[in-house]
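The values are calculated or read from the model by the stated rules, or taken from the named source; none is laboratory data. Everything numeric in this text was worked out from a predicted model, so none of it was measured. Cβ placement follows ideal geometry from the backbone for every residue including glycine, while neighbour counts extend to all protein chains displayed.
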Amino acid sequence: MTAKPAKGSARKAARAARRKIERVERAAKRAAKERDGWRCRRCGYTSSVWPVEAAHLVDKQMGGDHGRFSCERRHFVALCPPCHQGPNGIHSGRLRMVYDPESMGDGVVSFELRN
């Protein structure tokens, strides 16, 4: 007969795994911003008023990523807050990113405005 695991050990393991994913994602986002020269890939904006954000090229599907699309620099592009989350930004659905599936964010990314 095997011993029962310590109470809360599964929760601790899950938290540790989540922290590791978040740490790797933060490093990948920072690397993407550095690659893009801390400038918005769409409009070229750079300032200390609004720091650029790292936008996922592949949607995380309501938090269900679990490290698949957040572990590498190529999965992100640097965007200013209006281009990322503004009324005509990526999250509004009015702006779409077009990229090569092989190189993703490390290659050319273009933006299409939808009607």
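Below are the figures for this structure:
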{"read-out": "Pair list, Cβ under 9 Å, 6 or more apart: region 82-97 residue over 16 Å from residue 115 (Cβ atoms), other residue part of a helix (DSSP H, G or I) and among the β-branched types (Val, Ile, Thr)", "value": "83/90; 84/90; 97/90"}
{"read-out": "Check on residue 67, more than 19 Å from residue 35 (Cβ to Cβ), out of contact with any Gly (no Cβ under 7 Å at 6 or more places or on another chain), surrounded by 16 or more Cβ atoms within 10 Å (Cβ to Cβ) and at pLDDT below 90", "value": "no"}
{"read-out": "Any chance residue 27 is within 12 Å of residue 76 (Cα to Cα), out of contact with any helix residue (DSSP H, G or I) (no Cβ under 7 Å at 6 or more places or on another chain) and in a helix (DSSP H, G or I)", "value": "yes"}
{"read-out": "So residue 112, is it modelled with pLDDT of 90 or more and exposed (fewer than 10 other Cβ atoms within 10 Å of the Cβ)", "value": "yes"}
{"read-out": "Members of region 29-60 found to be buried (at least 18 other Cβ atoms within 10 Å of the Cβ) and among the small types (Gly, Ala, Ser), listed by number", "value": "32, 54, 55"}
{"read-out": "Residue 55 within 21 Å of residue 20 (Cα to Cα), among the small types (Gly, Ala, Ser) and modelled with pLDDT of 90 or more", "value": "yes"}
{"read-out": "Members of region 70-109 found to be buried (at least 19 other Cβ atoms within 10 Å of the Cβ), among the β-branched types (Val, Ile, Thr) and either over 22 Å from residue 23 (Cα atoms) or at pLDDT below 85 (or both), listed by number", "value": "90, 109"}
